[in-house]
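J.: Have a look at the structure that comes next, please.
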Amino acid sequence: MNRSTNGLNHPIDLILACYPDDTAYLPTMQIIRSIRKMQQVSRRLAADGQTIGLVPTMGFLHRGHLSLIKRAQKNADCVITTIFVNPTQFAPHEDLDKYPRDEKGDIRKIREAKGDIVFIPKADEIYPDDFQTYVTVEKLTGTLEGKSRPTHFRGVTTVVAKLFNITRPDLAVFGMKDFQQACVLKQMTRDLGWPIRFIIAPTVREKDGLAMSSRNKYLSGEARKEARCLIYALRTAREMANSGVTVPKKIITEMRAVIKATCPSARIDYIALTDTTTLKPVSKVVRGTVCSLAVHVHGVRLIDNMKIA
Ligand code: PAF
């Protein structure tokens, strides 16, 4: 990886600040808030032969996000982390206003992770008045999260398409935790022909197995303990598959029982065993089958998934 540059006398101040001499890369992180500036900087980086890695986030960063930044740093000269709580991926009854935010803390964490650029656009720049163009991926969004949250993926694909156009990354990293999101975005990237290497990084978990998520902030005391029902259910599914059970219904019935035993008040939104590529339910567990679930734990909607065979 080349983290040095010959970039003396760049016309763009930000690049100068980012790469102050031609011998050493100095990790002076830049914070960019305007689309125009971000476009200028990414074009300049590309002109300088620097590869760009993109890590889109909605902020309130945890170790899972930081692992995506680390992953991007392995293959890119400059890593751009975006922080944008995207309104179009929330339905009117969902938690947009309550979604946790901590810009200061996020910037500090990205700096500590040696991120290069943080892009924090404003909602009215991403979605100006009279905005009316959306990107939709069809088949893959009709199941799992897409079924429960019908307008969600249209918002995700639209904002990520905009972020791709603004930052022009060579690679982008997304987490396996949002497995369907990663599949949908990968499909979009392929269908629209962006020359972007698409990396899906493993889920980072708490010690007890709970998948890291910004929404875990809402869990405390008993709710936090009972949130383990998701990973317990997934491990049960994997154990059953490993011991030769191939009938999805049997596995799902057992998973439901594990969830109820761990969190009696849980409300299961869905549990599905699907093909890893089409995301269609499988009639028999085969190699690569992915188990996904969404469960309301004390009012907090949590999702997780695992390859069980
Ligand atoms: O996974 C997320 O945090 C969001 O869905 C994403 C990809 C940043 C788009 O807003």
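The values are calculated or read from the model by the stated rules, or taken from the named source; none is laboratory data. Everything numeric here is computed off the predicted structure, so don't read it as measured data. Note: ideal-geometry Cβ built from the backbone for every residue, glycine included; neighbour counts use all protein chains shown.
J.: So, restricting to helices (runs of 4 or more DSSP H) that lie completely within segment 180-271, which ones have at least 2 residues that are over 21 Å from the mean Cα position of the chain (by Cα) and hydroxyl-bearing (Ser, Thr, Tyr)?
T.: Because the criterion is at least 2 residues that are over 21 Å from the mean Cα position of the chain (by Cα) and hydroxyl-bearing (Ser, Thr, Tyr), the helices (runs of 4 or more DSSP H) in segment 180-271 that meet it are 229-242, 248-262.
J.: Also, quick follow-up: When you go through (1) of a type in the set (S, T, N, Q); (2) under 26 Å from Arg71 (Cβ atoms); (3) in a helix (DSSP H, G or I) one by one for Thr276, which number turns out not to apply?
T.: (3)
J.: Which numbered condition in (1) within 13 Å of the ligand (Cβ to nearest atom); (2) farther than 14 Å from Thr57 by Cα; (3) out of contact with any helix residue (DSSP H, G or I) (no Cβ under 6 Å at 6 or more places or on another chain) is the only one that Glu145 fails?
T.: Among (1) within 13 Å of the ligand (Cβ to nearest atom); (2) farther than 14 Å from Thr57 by Cα; (3) out of contact with any helix residue (DSSP H, G or I) (no Cβ under 6 Å at 6 or more places or on another chain), Glu145 violates only (3).
J.: Would you tally the residues in segment 66-80 being more than 10 Å from the ligand (Cβ to nearest atom) and either hydroxyl-bearing (Ser, Thr, Tyr) or under 15 Å from Thr167 (Cβ atoms) (or both)?
T.: 8
J.: Condition check: out of contact with any helix residue (DSSP H, G or I) (no Cβ under 8 Å at 6 or more places or on another chain) and exposed (fewer than 15 other Cβ atoms within 10 Å of the Cβ). Does Lys280 satisfy that?
T.: Considered against the rule, which asks whether it is out of contact with any helix residue (DSSP H, G or I) (no Cβ under 8 Å at 6 or more places or on another chain) and exposed (fewer than 15 other Cβ atoms within 10 Å of the Cβ), Lys280 comes out as yes.
J.: How many residues are surrounded by fewer than 17 Cβ atoms within 10 Å (Cβ to Cβ) and farther than 17 Å from Leu68 by Cβ if we restrict to segment 172-205?
T.: Number satisfying all stated conditions: 6.
J.: Please work out if Ala123 is at pLDDT 95 or above, among the hydrophobic types (A, V, I, L, M, F, W, C) and in contact with a His (Cβ under 8 Å, 6 or more places away or on another chain).
T.: no
J.: Sticking with this one: Take segment 214-268 and flag every residue that is free of Cβ contacts under 8 Å to residues at least 12 places away in the same chain and among the hydroxyl-bearing types (Ser, Thr, Tyr).
T.: Selection gives Ser220, Ser243, Thr253.
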